[in-house]
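This report concerns only the one structure given below.
The values are calculated or read from the model by the stated rules, or taken from the named source; none is laboratory data. The structure displayed is predicted, hence computed values, not measured ones. Positions of Cβ are backbone-derived with ideal geometry, glycine not excepted, and every protein chain shown enters the neighbour counts. For accessibility, only protein heavy atoms count, side chains too; no ligands or nucleic acids. Shrake-Rupley method; radii C 1.70, N 1.55, O 1.52, S 1.80 Å.
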Amino acid sequence: MSYRIGLVGKPSVGKSTFFNAATMNDVPEGAYPFTTIDPSVGEAYVRVPCAAPEFDETCTPSVGVCADGTRFVPVQLVDVAGLVPGAHEGRGLGNQFLTDLNETDVLVHVVDFSGTTDIEGEPTEGHDPREDIDFLEEELDAWYLDVLEKGIDKHGTRYHGAEAVIEEDLAEQLSAFGITKDEVKQVILAEGLELDADAWEESDREGLAREIRKRTKPMVVAANKMDTPEAQRNFEEITADPDYDHLTFVPASAHAEKALKNAAETGVVEYTAGEDDFDVRADVSTDQADGLDRIATFLDEYGGTGVQSCLEAAIFDVLGCIAVFPGSANGPKDEKGVFRDCFLLPEDSTTEDFAFHIHSDIGEGLLHGIDCRSDRQVSKSHELSHRDVIELVSTKQAIA
């Protein structure tokens, strides 16, 4: 299973353009509310330096591609529609919005940093992007608080006195968010609260819901439309504001990424997603040349269009995932090719986790692993690192 990145944002901020630029899917774009009616799911990619060249091999990816030693590993990008004020109360597409959102592992919030769309997505000038950032977080916090309150109510009804185990009841109520009772307990204590819901004030409950939300729905802010002076000023101010230290910001121009990929498809330019430059390969008009010059200036300033960087920040920086290659310490064995796979795993994954990720049969029969770079045996509990190449030695083989 690939990781799912939820793409969220108010209308008219360039969310559909971002989705199309990242996936090259044909999703309608437009400067009006609800351009995207249903959640669209597309295949996007994150970059990993391929391990094959270190073994004097040329990889043959079973999924994704490899370009000049860079592996593009698939992830799912979900364009989630329905973000409006009161979404947590069911306004607009609120209920469906929250359902779709909850099926994602991490969020990318596309925000118009140029300030040219108001909170409803209508054209304006001088809008503060902080309002959009706060708006989404407040909607999510209200949603989490509602679920948390239900868990507290059930806890109060079900148990009395010394029998009460608040973290178990809250974990059961919050199970859809993927949080365990031990993690709930950790958050409660980290907030300086007693393990007794009767002792919590309203502000305590709000703070607890907010912290659980931050841990279970981490977020990257795509600072879109950064090719304007207004956006650049807003970016400097907001990223220097300590109130937003808990968020990761990436400057981006979804329009530039889409333009480059379209030009690459028609042979006008040579461009690889995420790169900080491109080569013009065909004759272009004066207007096209001016547009490409502006894009080149943006890429030089920010090291790329930011679309690819947003996805990678979400997967590697915010979620902390690692990429691991299955391999063989004794050379290639697969007749279908070498270095066919590259898997994304949670941080702190072990050799055994890797084995079960590939197939339960391999995990159940796992004896040990082999680090293919050092040709050394590693235990089942060995913690893996990013870009490890691991051979799994198991008494069982996967059943196709």
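Values for this structure:
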| quantity | calculated |
| --- | --- |
| 222 nm mean residue ellipticity, helices alone, for the chain (DSSP H n ≥ 4; -39,500 (n - 2.57); rounded to 500) | -11000 deg cm²/dmol |
| Cut-off under 5 Å, modelled amide H: who pairs with TYR45 long-range | VAL75 |
| Per residue solvent-accessible surface (Å²) - segment 256-369, probe of 1.4 Å | 49 |
| By average C-beta atoms within 10 angstrom, highest first, the peptides 226-233, 55-62, 374-381 | 226-233, 55-62, 374-381 |
| Most mobile of SER253, SER385, SER203 in a GNM of the chain (Cα contacts under 10 Å) | SER203 |
| Ordering of 97-108, 169-180 by packing [mean C-beta count within 10 Å, highest first] | 97-108, 169-180 |
| Net +/- balance of residues flanking THR272 in space, Cβ distance below 11 Å, scoring K and R +1, D and E -1 | -4 |
| The chain: relative contact order as a whole-number percent, Cα under 8 Å and 6+ apart | 16 |
| Heavy-atom accessible surface of the chain: percent carbon and sulfur, 1.4 Å | 44 |
| Packing rank of 366-373, 124-131, where each peptide gets the mean count of other beta carbons within 10 Å, highest leading | 366-373, 124-131 |
| Fully extended contour minus Cα-Cα distance, from ILE119 to ASP279, at 0.36 nm per residue | 53.8 nm |
| Evaluated at q = 0.07 Å⁻¹: base-10 log I(q)/I(0), Debye formula over Cα of the chain | -0.39 |
| Listed residue pairs exceeding 24 Å between alpha carbons, taken from LYS154/LYS181; LYS150/LYS214; LYS10/LYS185; LYS185/LYS217 | LYS10/LYS185 |
| Sum of side-chain charges, ALA171 neighbourhood, beta-carbon under 11 Å (Lys, Arg +1; Asp, Glu -1) | -4 |
| Proximal charge balance of ALA289 [Cβ under 14 Å; K/R count +1, D/E count -1] | -3 |
